[in-house]
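Report on the following structure.
The values are calculated or read from the model by the stated rules, or taken from the named source; none is laboratory data. None of the values given here were measured: they were computed from a predicted structure. Positions of Cβ are generated from backbone atoms using ideal geometry, with glycine treated the same way; all protein chains shown enter the neighbour counts.
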Amino acid sequence: MDAQQCDVAILGGGLSGCLAALALYHKRSDLDVRIVEAGLKFGGNHIWSFFDSDIADENRWLIEPLIHHSWDGYDVIFPEYLRTLDARYNSITSQRLDAVMRKRLPQPALLTGCTIASATSSQVTLENGETIAAKGVIDTRGNGNLDTLDCGWQKFMGQQLRLAKPHGLKRPVVMDAAVEQVDGYRFVYCLPFGPNDVFIEDTYYSETPDLDTQMLATRISAYAAGRGWDVVSVERSETGVLPVVTGGNFEKYWASSGPDMAKAGARAGLFHPLTSYSLPDAVRFAAYIADQDDVSGKALAAVSHDYAKRQWKRAGYYRLLTKMLFHAAEPERRYIILQRFYTLPEKLIKRFYAGRSSMLDRLRVLAGKPPVRISRAIAALLKR
Ligand SMILES: Cc1cc2nc3c(=O)[nH]c(=O)nc-3n(C[C@H](O)[C@H](O)[C@H](O)COP(=O)(O)OP(=O)(O)OC[C@H]3O[C@@H](n4cnc5c(N)ncnc54)[C@H](O)[C@@H]3O)c2cc1C
């Protein structure tokens with residue numbers, strides 16, 4: 001088959017691949033970019049959410065067109081504490097991401113329904129035998145080998161429900177942890193999309209990655225019933241088993257998906273260790289990569305490796321907190337750590353989710369009367 005040629009080939013059309021493609025197309029219209037996705041649409045089946053404060057003002061242009069819904073403020077609910085916070089909260093849907101990709105990028109750039117069989121830093125071979133020669137390749141095909149990291153898991157199912165009557169929610173409930181604590185830290189998350197439409201996600205932190213979807217569906221209907229919501233239909237659903245990282249070896253993780261390949265997104269380890277959320281990092285990295293002059297495979301690999309390594313070092317503090325969450329408190333008492341965190345100043349909370357905690361924030365999160373026994377906290381930190 002004929003070889004295609006381009007300047008930059010992006011492998012994987014999920015969140016980070018699409019953001020990189022949009023940023024490159026916007027900032028480097030001189031480049032011929034291709035994005036290769038196995039699915040028929042870009043972005044899979046997700047709702048991605050983020051706080052306004054996760055995104056620097058200078059990168060806002062990249063994310064703005066993708067926003068499907070925004071709310072002023074959000075609630076958190078704990079057994080002994082309730083709070084409404086001011087931060088603006090936004091959601092992006094896969095459908096919207098796919099639509100923006102098709103609107104913004106020229107059709108020849110978009111290769112959907114194309115499974116990649118193998119790739120090097122300058123060549124991509126598809127399962128159908130076709131090849132793409134590129135000056136540079138960026139691999140964004142999801143996680144590398146998670147065995148190289150020390151992980152717990154954040155597991156969830158979300159369902160978009162149509163209700164018989166209005167739910168009455170004014171804003172999202174980003175954490176309702178006043179629910180029964182099972183397995184590990186558990187909370188329910190609600191996004192009110194319309195008067196009778198609500199997205200409910202049942203999430204829990206766990207030491208194992210197995211997912212019982214039937215049990216989660218039952219818990220979601222019980223939660224809706226408990227709030228007096230009469231469910232007419234389940235419009236869509238999504239599930240996730242995301243790594244939450246307590247330690248590991250960055251270089252081994254990087255090498256596990258090809259040491260010489262440029263990478264982005266989860267494949268580059270660019271996600272928050274405690275929440276596993278990758279959107280803030282994906283936006284920052286897309287804007288950064290689009291500012292590079294040299295887009296050869298070698299240069300992109302070096303730049304992305306250095307960027308991800310710096311980010312891994314910065315995230316050490318969040319890995320430590322994740323370790324404490326998993327090992328310093330009994331599973332049914334883990335909510336106390338988050339409950340205390342949410343009593344802290346809102347600016348600190350914003351910086352925490354953006355992965356941008358200051359030194360003072362770091363001390364403040366750990367200072368005061370500890371929500372867990374000191375001896376257990378120290379044992380957790382020493383645990384390898
Ligand atoms: C259901 C769900 C909800 C989430 N919600 C949030 C959220 O609200 N906020 C947040 O920040 N994070 C969220 N996350 C976590 C994280 O941000 C996402 O997982 C994010 O999609 C990761 O982006 P990525 O580009 O690294 O990988 P992905 O988005 O998974 O993209 C990888 C892409 O590569 C493609 N691919 C893989 N192999 C091949 C191949 N051989 N050939 C061609 N294509 C291939 C896949 O089809 C996929 O489209 C969520 C995760 C899930 C699963």
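crowded, with 17+ Cβ neighbours inside 10 Å, modelled with pLDDT of 95 or more and within 15 Å of the ligand (Cβ to nearest atom), is that true of A301? It would help to see each step written out before you state the result.
Working: crowded, with 17+ Cβ neighbours inside 10 Å: yes; modelled with pLDDT of 95 or more: yes; within 15 Å of the ligand (Cβ to nearest atom): no.
No: the conditions fail for A301.
Please find, among T112, T84, the residue that is within 14 Å of the ligand (Cβ to nearest atom) and over 17 Å from A286 (Cα atoms).
On the way: T84 fails: within 14 Å of the ligand (Cβ to nearest atom).
The unique qualifying residue is T112.
Can you tell me which residue within the stretch 304-318, out of those that are in contact with a helix residue (DSSP H, G or I) (Cβ under 9 Å, 6 or more places away or on another chain) and under 20 Å from C151 (Cα atoms), is surrounded by the fewest Cβ atoms within 10 Å (Cβ to Cβ)?
K313
Regarding V8, is this residue outside any loop (DSSP other than H, G, I, E, B), buried (at least 18 other Cβ atoms within 10 Å of the Cβ) and either outside the structural domain of K298 (by TED's automatic domain parsing) or more than 11 Å from the ligand (Cβ to nearest atom) (or both)? Give the derivation first.
Working: outside any loop (DSSP other than H, G, I, E, B): yes; buried (at least 18 other Cβ atoms within 10 Å of the Cβ): yes; either outside the structural domain of K298 (by TED's automatic domain parsing) or more than 11 Å from the ligand (Cβ to nearest atom) (or both): yes.
Spelling it out, V8 is indeed outside any loop (DSSP other than H, G, I, E, B), buried (at least 18 other Cβ atoms within 10 Å of the Cβ) and either outside the structural domain of K298 (by TED's automatic domain parsing) or more than 11 Å from the ligand (Cβ to nearest atom) (or both).
In the set A268, A302, A286, A264, which member is assigned by TED's automatic domain parsing to the domain that holds A119 and out of contact with any strand residue (DSSP E or B) (no Cβ under 9 Å at 6 or more places or on another chain)?
Values: A268 fails: out of contact with any strand residue (DSSP E or B) (no Cβ under 9 Å at 6 or more places or on another chain); A302 fails: out of contact with any strand residue (DSSP E or B) (no Cβ under 9 Å at 6 or more places or on another chain); A264 fails: out of contact with any strand residue (DSSP E or B) (no Cβ under 9 Å at 6 or more places or on another chain).
Result of the check over A268, A302, A286, A264: A286.
If we scan the stretch 170-189, do we find a residue that is at pLDDT 95 or above and farther than 24 Å from E80 by Cβ?
no
Which residue is nearest to the ligand (Cβ to nearest atom), if the candidates are limited to the stretch 41-61 and must be assigned to a helix (DSSP H, G or I) and under 17 Å from L24 (Cα atoms)? Step through it out loud before you land on a result.
Going through the stretch 41-61, the residues assigned to a helix (DSSP H, G or I) turn out to be 52-54, 57-61.
Now narrow it down to the ones that are under 17 Å from L24 (Cα atoms): 58-61.
On the way: E58: 19, N59: 14, R60: 16, W61: 19 Å.
Among them, the one singled out is N59.
Return the only residue of S70, S29 being touching a strand residue (DSSP E or B) at 6+ places or on another chain (Cβ under 6 Å) and without any contact (Cβ under 8 Å) to a residue 24 or more places away in the chain. Write out each step before concluding.
Numbers: S29 fails: touching a strand residue (DSSP E or B) at 6+ places or on another chain (Cβ under 6 Å).
Testing whether each residue is touching a strand residue (DSSP E or B) at 6+ places or on another chain (Cβ under 6 Å) and without any contact (Cβ under 8 Å) to a residue 24 or more places away in the chain leaves just S70.
Have a look at L31, L22 and point out the one that is modelled with pLDDT of 95 or more, more than 10 Å from the ligand (Cβ to nearest atom) and part of a loop (DSSP other than H, G, I, E, B).
Numbers: L22 fails: part of a loop (DSSP other than H, G, I, E, B).
When all the criteria are applied, what remains is L31.
So T213 ticks every box in (1) within 14 Å of the ligand (Cβ to nearest atom); (2) buried (at least 20 other Cβ atoms within 10 Å of the Cβ) but one. Which box is left unticked?
So the condition that T213 fails would be (2).
Counting just the residues of the stretch 258-296 that are in a loop (DSSP other than H, G, I, E, B) and among the charged types (D, E, K, R), which one comes out surrounded by the fewest Cβ atoms within 10 Å (Cβ to Cβ)? Even if it seems obvious, please write down each step before you answer.
Step one: of the stretch 258-296, the residues in a loop (DSSP other than H, G, I, E, B) are 258-261, 264, 269-278, 290-296.
Now drop any that are not among the charged types (D, E, K, R), which leaves 260, 291, 293-294.
Working: D260: 14, D291: 10, D293: 6, D294: 11.
It comes out as D293.
For the stretch 238-253, state whether one or more residues are modelled with pLDDT of 95 or more, among the small types (G, A, S) and in a helix (DSSP H, G or I).
The answer is no, given that none of the residues of the stretch 238-253 is modelled with pLDDT of 95 or more, among the small types (G, A, S) and in a helix (DSSP H, G or I).
Quick one: which residue in S276, S256, S296 is within 14 Å of the ligand (Cβ to nearest atom) and hydroxyl-bearing (S, T, Y)?
S276
Among the candidates K165, K155, single out the residue that is basic (K, R), away from the ligand (no atom under 12 Å from the Cβ), in contact (Cβ under 8 Å) with a residue 40 or more places away in the chain and at negative phi. Break it down into steps so the answer makes sense when it comes.
Values: K155 fails: away from the ligand (no atom under 12 Å from the Cβ).
It is K165.
In the stretch 174-188, is there at least one residue being farther than 30 Å from E330 by Cβ and hydrophobic (A, V, I, L, M, F, W, C)?
No, the stretch 174-188 contains no residue that is farther than 30 Å from E330 by Cβ and hydrophobic (A, V, I, L, M, F, W, C).
Out of the residues in the stretch 195-208 that are at pLDDT 95 or above and out of contact with any His (no Cβ under 9 Å at 6 or more places or on another chain), which is surrounded by the most Cβ atoms within 10 Å (Cβ to Cβ)?
Start the filter on the stretch 195-208 by keeping residues that are at pLDDT 95 or above, which leaves 195-203.
When the remaining residues are screened for being out of contact with any His (no Cβ under 9 Å at 6 or more places or on another chain), the result is 199-203.
Details: F199: 22, I200: 26, E201: 23, D202: 23, T203: 20.
My answer is I200.
Can you go through V100, V36, V76 and tell me which one is closer than 18 Å to L300 by Cβ and not in a loop (DSSP other than H, G, I, E, B)?
Working: V100 fails: closer than 18 Å to L300 by Cβ; V76 fails: closer than 18 Å to L300 by Cβ.
So the residue among V100, V36, V76 that is closer than 18 Å to L300 by Cβ and not in a loop (DSSP other than H, G, I, E, B) is V36.
Is one or more of the residues making up the stretch 308-328 touching an Asp or Glu at 6+ places or on another chain (Cβ under 9 Å) and either assigned to a loop (DSSP other than H, G, I, E, B) or acidic (D, E) (or both)?
Among the residues of the stretch 308-328, not one is touching an Asp or Glu at 6+ places or on another chain (Cβ under 9 Å) and either assigned to a loop (DSSP other than H, G, I, E, B) or acidic (D, E) (or both), which makes the answer no.
Limited to the stretch 305-319, what total is found for residues that are without any contact (Cβ under 8 Å) to a residue 40 or more places away in the chain and either touching a strand residue (DSSP E or B) at 6+ places or on another chain (Cβ under 8 Å) or among the aromatic types (F, W, Y) (or both)?
Final tally of qualifying residues: 1.
Would you say S206 is within 20 Å of the chain's Cα centre (by Cα) and within 13 Å of the ligand (Cβ to nearest atom)? Full working, then the answer.
Values: within 20 Å of the chain's Cα centre (by Cα): yes; within 13 Å of the ligand (Cβ to nearest atom): no.
So S206 does not fit the description; no.
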